[in-house]
1. So for the pair residue 55, residue 36, with labels modelled 7 Å out along Cα→Cβ, what separation do we get in nm?
2. Compute for region 4-280: radius of gyration divided by Kirkwood radius, i.e. Rg/Rh, restricted to C-alpha atoms, rounded to two decimals.
3. With viscosity set to 1.002 mPa s and temperature to 20 °C, compute the Stokes-Einstein D of region 346-418, Rh being the Kirkwood radius across alpha carbon pairs; µm²/s, no decimals.
4. Among 251, 456, 270, flag the residue with its Cα farthest along the positive direction of the charge dipole of the chain, charges on Cβ as +1 for Lys/Arg and -1 for Asp/Glu.
5. If packing is taken as the average number of other Cβ atoms within 10 Å across a peptide's residues, how do 160-170, 120-130 rank, most packed first?
6. In Å, what Rg and Dmax follow from the Cα atoms of region 98-244?
7. Pull up the cross-link candidates among the aspartates and glutamates for residue 370, meaning alpha carbon to alpha carbon under 16 Å and not fewer than 8 places away within one chain.
8. Let's test the formula: R0 of 30 Å, r as the Cβ-Cβ distance of residue 199 and residue 253. What FRET efficiency results, to the nearest 0.05?
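Taken together, the values in this text are just the output of simple stated rules run on the coordinates, not laboratory data. A quick note: this is a predicted structure, and the numbers were derived from the prediction, not measured. Glycine gets a Cβ as well: all are built from the backbone with ideal geometry, and neighbour counts include every protein chain shown.
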Amino acid sequence: MTTEKDQVRIFDTTLRDGEQSPGASMTLEEKLQIAEILDEMGVDIIEAGFPIASNGDFEAVSEIAKRSKNATIAGLARAIHADIDRCGEAVKHAEKARIHTFVSTSPIHLQYQMNKTQEQVLDIITDTVTRARNLIDDVEWSAMDATRTPIDYLCKCVEEAIRCGATTINLPDTVGYATPDEYKRMFEDIIARVPNSDQAVFSVHTHDDLGLAVANSLAGVAGGARQVECTINGLGERAGNAALEEIVMAIRTRGDVLPYACNIDPKMLTRASKLVSGASGFAVQYNKAIVGKNAFAHESGIHQDGMLKNAETYEIMRPEDVGVRATSLVMGKHSGRHAFKDKLKELGYELGDNALQDAFRRFKDLADRKKHVYDEDIEALVEDEIATAKEGIKVIALTVIAGTGGPQKAILTMDVNGQHVTKEATGDGPVDATFNAIKSIVPHEAKLSLYQVHAVTEGTDAQAEVSVRLEAGGRISTGKGADTDTLVASARAYVAAMNRLALRQQGTNPGALQAV
């Protein structure tokens, strides 16, 4: 039986630290969708963004604060008055609001990044934590690069932050340097040595540079921390953050050695993972713990035999506990609309009538081309349908002529704001010709920085899922497309990236894109 002391708060920073991953920036609508599912699944604190970073970030944090029903909404602020004031303004609409401010404490940061002495940083802590607390009662203070900070000085910083009103103290492993034993001992020492440590909740925030983020987070909790800062899918800068789904299921599965509790509904983990993956453009690796495609898959004959006799022989968690079906139901061309709708519900999708009709039509077309349609095929199809439903430009038809003779030629018809436009173009290969045809219809200066293809399922009839990343004017946008024809999937992915790039550049509907 856990007590209140054993309750671990989950602080999700997918929308802040996660979005700082190069190429992972999200639209306002995507952020609102992610915040909604985080709030619904039981996340205690949602770090909604960095309000001073841009008007878009400020708008996102403000809107999430207005819409939140259960979670505390936090914004990040550097140890600067303007940052703190802007953050306070953004989160003030939340029923439960938090300002999260931070400053570096390690010698290497003080010397090379801040050019400050230890005494000057202590003065900064006094000034900025006090300012934040005068705006909002719930203030979190973080010691950036805490794990490379001398323990005596770190104790002074923590004591001063609490004295000035910080209610949560975060000691992050900013560069993923610590080992579990070190991280646990740091929390034990700080909590024991700081006189007013009982007046604040201590928090862990770990990065995965050495692959130890989750292990370090759990070690920090064992050392006395009662808040874990993490992200869906482990999204984050460099090698990423501790993965929320792994933290939650480790606590849930190993209660014998991790006697803690958290408020997360685990059945929503897979759904949240897919939403974040789609919004960020970062695919989840197949062997990713908890939410990867192969997390509950068994191919070995020995494993399959054991699973048929007793699932616990090779599974320490039930797939349904994290929102995954135990087996894939094969769908085919004889399946009806009702069965298709039920399948979508099982996979966590609820579509409106028009979207359902379009998705069902594409499913039937796919079933005519494939012997077996798997759950992964349907997921890719529906995600592609959702992504293209609101696009200002769409792929209507594509014909490509390719071979050893060259040059390759693409004939493309697109819907541009309701107008059908057909152009043809040549290129160095069929993909290049296809992308040149798109450029001839909608001219732009975006640079292609990523083109990636993978098969959704096995076999020569597998759907191709293509990821495309475009860069223009310092902005990055990623698009995905899926089809059994790799070139069609490529065109859809490129157009999806263009639409998202137009949204970010112009702050308007992609209808601003014009054909020539």
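1. 2.5 nm
2. With Rg and the Kirkwood Rh in hand, the quotient comes to 0.94.
3. 148 µm²/s
4. Going by the Cα projections, it comes out as 456.
5. 160-170, 120-130
6. 14.2, 39
7. Within reach: 379, 458, 461, 465, 483, 485.
8. Working from the Cβ atoms, E equals 0.35.
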